[in-house]
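What follows is a single structure, written as structure tokens, with notes after it.
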Amino acid sequence: MERIPILRMGRFLLVTIQVDMHDQLALTLQDDLTERIVKERAKGVLIDISSLDVVDSFIGRMISNIAGMSRVLDAQTVVVGMRPAVAITLVELGLSLQGVRTALNVERGMKILAERVEADGRSRRRPEVRGARND
């Protein structure tokens, strides 16, 4: 069975889609990725779609679903490398990819992930109570 490789880069997982996505491959990626997020305790997922010439409504929904599942599993998602024709198609199909951040390239996407993970970490820390005493 064909699978899309998922690479670990520190706290993040990198998925580079370099083949035409068909429905079964997208479902397999979704399953594989959610398992890896849990196994690796990943804090972010970067999906590179720069090799995709076409994204249909099913693949668009799968990307959105992956982002939603990642959020539930405590990981952020950034999609990079979207071609103008793909962006136009997604908008024409009415797919807003809610919860999915985008960036033009991998470098920018990794920076966005790092910033979001850092911001999440700060917001989850318990606020320090100044002047409180433990008597």
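The values are calculated or read from the model by the stated rules, or taken from the named source; none is laboratory data. Only a predicted model underlies this, so the values are computations on that prediction, with no experimental measurement involved. Methodologically, a virtual Cβ is constructed for each residue, glycine included, from the backbone with ideal geometry; neighbour enumeration extends over all protein chains shown.
Look through Thr89, Thr28, Thr102 and report the one residue that is of a type in the set (Val, Ile, Thr), surrounded by fewer than 20 Cβ atoms within 10 Å (Cβ to Cβ) and under 29 Å from Gly121 (Cβ atoms).
Exactly one residue qualifies, and that residue is Thr102.
Considering Arg3, Arg41, which residue is at pLDDT below 95 and of a type in the set (Lys, Arg)?
Arg3
Taking only the stretch 93-121 into account, find how many residues are on the phi < 0 side of the Ramachandran plot and modelled with pLDDT under 90. Let's see the steps before the verdict.
First, pick out the residues of the stretch 93-121 that are on the phi < 0 side of the Ramachandran plot: 93, 95-96, 98, 100-121.
Filter once more, so that each one left must be modelled with pLDDT under 90: 93, 95-96, 98, 100, 116-121.
Within the stretch 93-121, residues that are on the phi < 0 side of the Ramachandran plot and modelled with pLDDT under 90 number 11.
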